[in-house]
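Asker: Before I ask anything, here is the structure I am working with.
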Amino acid sequence: MQTEIYLDTNATSPVLPAAAAAAMAAMQDGFGNPSSSHATGLRARALREGVRASAGRIVGAGNGRLMFNSGATEGIQTAVLSALCAVRERRARGEPCGDVVLIGATEHKAVPESLAHWNRLLGTGLELRVLPVDGDGRHRLDVLRALAPRVAMVCTMAANNETGVVSDLRGIEAVLHETGSDALWLVDCVQALGKLPLDLAASRIDYAPFSGHKLYAPKGIGMLYVRQGAPYTPLMCGGGQEDGQRSGTENMAGIAALGAVFAALERGDTFRDAAALVACRARLMTALEAALPGIVFNAPLAQSLPTTINFSVPDVSSATLLDLFDAAGMRVSAGSACSAGKAASSYVLDAMGVPAWRSAAAVRLSFGALQGDAALDLACERIARCGAVLATPMQADGAEPAHDCQTDTTVLVAADAARDWLAAHPDAIVIDVRDLREHSVAGDVRLHGRAVQNVPLACFAGHAPSWLGATAPLLFVCRSGMRSARAAHALRAMGHPDAWSLVGGFALAT
């Protein structure tokens, strides 16, 4: 298998080796419950508080609260619950309170969905309105200024996960100050951690959720900052952990891992600095421009994180690019939601007024501050290879076999059993049904040492007669197992009793 180049860190990041080691040490040696009063528990408590102190220095928490939780979604839920409970209490006391919640048009869906959920359950009856963004993806301060007298809560991001656009938080704060607004302010800081300077206590921000797995910590650990004096209602009650702010026995392995990441940030000897990240982005953009004629970048570089590139290519769908990059061993994401091979428009780019074709064809490439030069060199080489293959004229293919949602599971070979299956069937023919571009950009394709033929699924009808006359078993493979299952099922339906599909495709064939 070719070396994997991971360029999707805005979705999640690999775990820092030091973080993995810290988590293992916490599980094996420092396994105490920080609520226990004996020595083992006291050591766990000291570890937890050391990590909290480090986190406070990194985000500039000052006298604000920093509590550990499962991640940003829980933090968002807690912040929304706290703010809406405060609104309800103000009304009960007869105090003036706004009737509108402004939600940035490019927010992560966890924010508006949490607000809709708690607004309904608490019966607060707030009007949830969108705060539009301009063509650069930044919030419309004129709209905020006009609505400020009615606003009970404002929800914005520090940096957008799709485009990398950095919000004008100082501008938002200035408007709230100038208008005398007492609106509570939630800022999603997930993409900002470790990438942008943060001084939360010096700002007007009331709530800021963070997620560890976006910055080389494991999944399932995060934090919520709450400004000193901001209203707070616990989402989880019970054992009184985190001083009663978030009940539930702490995830000490996750906290220890997060602490190792914070220690590396504070030392400054592990991660690339901002200037180096800008240079890395420039290298990748140069490679993309050379390989993909007509490429358009969808966010202004001067106002974006240096670790995120969002682009579109004329007449090339995001699904095509994702399949091609994945076949080349590069892991990237669509800038929009994909289902059944059809890309939906990106609501983030739509909100920015980007042309529809760019919104539907967008691809996001994101890298981390640990990305090495060798990996970047290899990524540039593979981008060039993808461009060359994409520029090669393709012969028109025939129709693919009809999709069958009831694919017979008896045609499936489990990924972890593939090696044994091939050993038991030395005469088996392995057929890659990805399109020719995907197959060719992947180089010398083999499955556990076995040679692989390439017959795109669109050419299935032309090859099926010869396969029906073969006595050897046929194992179809693709990227994820979807197309190969269709091929195996179709050939079985045509009369070949020994057609198979590899579950999970090349993605799981390790």
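Asker: Going through the stretch 117-131 one residue at a time, which ones are surrounded by fewer than 17 Cβ atoms within 10 Å (Cβ to Cβ) and either part of a loop (DSSP other than H, G, I, E, B) or not basic (Lys, Arg) (or both)? Let's see the steps before the verdict.
Answerer: Restricting attention to the stretch 117-131, the residues satisfying the condition of being surrounded by fewer than 17 Cβ atoms within 10 Å (Cβ to Cβ) are 117, 120-123, 125, 127-130.
Correct list: His117, Leu121, Leu122, Gly123, Gly125, Glu127, Leu128, Val130.
Asker: Given the conditions (1) of a type outside the set (Asp, Glu); (2) more than 24 Å from Glu266 (Cα to Cα); (3) modelled with pLDDT under 95, and given that Ile5 satisfies all but one, which numbered condition is not satisfied?
Answerer: (3)
Asker: So, one more: Is it the case that Val143 is closer than 16 Å to Val187 by Cβ and more than 28 Å from the chain's Cα centre (by Cα)? Step through it out loud before you land on a result.
Answerer: Values: closer than 16 Å to Val187 by Cβ: no; more than 28 Å from the chain's Cα centre (by Cα): yes.
No; evaluated as a whole, the condition is false for this residue.
Asker: Residues that are outside any helix (DSSP H, G or I), under 14 Å from Glu250 (Cα atoms), in contact with a Lys or Arg (Cβ under 8 Å, 6 or more places away or on another chain) and in contact (Cβ under 8 Å) with a residue 40 or more places away in the chain: does the stretch 70-82 have at least one?
Answerer: Yes, the stretch 70-82 has at least one match.
Asker: Residues in the stretch 451-498 that are within 36 Å of the chain's Cα centre (by Cα) and of a type in the set (A, V, I, L, M): how many? Show your work before the answer.
Answerer: Just the residues of the stretch 451-498 that are within 36 Å of the chain's Cα centre (by Cα), to begin with: 451-460, 475-490.
Then drop every residue that is not of a type in the set (A, V, I, L, M), which leaves 451-452, 455, 457-458, 475, 477, 482, 485, 487-488, 490.
Of the residues in the stretch 451-498, 12 are within 36 Å of the chain's Cα centre (by Cα) and of a type in the set (A, V, I, L, M).
Asker: Next question, about the same structure. Asp134: free of Cβ contacts under 8 Å to residues at least 24 places away in the same chain, out of contact with any Pro (no Cβ under 7 Å at 6 or more places or on another chain) and either small (Gly, Ala, Ser) or assigned by TED's automatic domain parsing to the domain that holds Ser167 (or both), yes or no?
Answerer: Values: free of Cβ contacts under 8 Å to residues at least 24 places away in the same chain: no; out of contact with any Pro (no Cβ under 7 Å at 6 or more places or on another chain): yes; either small (Gly, Ala, Ser) or assigned by TED's automatic domain parsing to the domain that holds Ser167 (or both): yes.
Against the criterion (free of Cβ contacts under 8 Å to residues at least 24 places away in the same chain, out of contact with any Pro (no Cβ under 7 Å at 6 or more places or on another chain) and either small (Gly, Ala, Ser) or assigned by TED's automatic domain parsing to the domain that holds Ser167 (or both)), Asp134 does not qualify.
Asker: Quick one: count up the residues across the stretch 409-425 that are surrounded by fewer than 16 Cβ atoms within 10 Å (Cβ to Cβ) and modelled with pLDDT of 90 or more.
Answerer: Taking the stretch 409-425 and keeping what is surrounded by fewer than 16 Cβ atoms within 10 Å (Cβ to Cβ), we get 409-410, 414, 416-417, 419-420, 423-424.
The next check asks that each one be modelled with pLDDT of 90 or more; those that pass are 414, 416-417, 419-420, 423-424.
Here the count works out to 7.
Asker: When the residues of the stretch 138-157 are filtered to those that are in a strand (DSSP E or B) and among the aliphatic types (A, V, I, L, M), which remaining residue is nearest to Arg91 (Cα to Cα)?
Answerer: Ala152
Asker: Quick check on my filter: what residues within the stretch 27-57 are in contact (Cβ under 8 Å) with a residue 40 or more places away in the chain and either in a helix (DSSP H, G or I) or aromatic (Phe, Trp, Tyr) (or both)?
Answerer: Met27, Phe31, Ala44, Leu47, Arg48, Gly50, Val51, Ser54, Ala55, Arg57, listed by residue number.
Asker: Pick from Ala302, Ala291, Ala327, Ala263: which is surrounded by fewer than 20 Cβ atoms within 10 Å (Cβ to Cβ) and more than 22 Å from Ala72 (Cβ to Cβ)? Quick ask: steps written out before the conclusion?
Answerer: On the way: Ala291 fails: surrounded by fewer than 20 Cβ atoms within 10 Å (Cβ to Cβ); Ala327 fails: surrounded by fewer than 20 Cβ atoms within 10 Å (Cβ to Cβ); Ala263 fails: more than 22 Å from Ala72 (Cβ to Cβ).
Of Ala302, Ala291, Ala327, Ala263, the one residue that is surrounded by fewer than 20 Cβ atoms within 10 Å (Cβ to Cβ) and more than 22 Å from Ala72 (Cβ to Cβ) is Ala302.
Asker: Provide a single number: the residues in the stretch 148-175 that are surrounded by 19 or more Cβ atoms within 10 Å (Cβ to Cβ) and not β-branched (Val, Ile, Thr).
Answerer: 13
Asker: Here is a further query. Which one is surrounded by the most Cβ atoms within 10 Å (Cβ to Cβ), of the residues in the stretch 426-454 that are hydrophobic (A, V, I, L, M, F, W, C) and under 27 Å from Ala291 (Cβ atoms)?
Answerer: Among them, the one singled out is Val433.
The values are calculated or read from the model by the stated rules, or taken from the named source; none is laboratory data. These numbers come from a predicted model, not from an experiment. Positions of Cβ are backbone-derived with ideal geometry, glycine not excepted, and every protein chain shown enters the neighbour counts.
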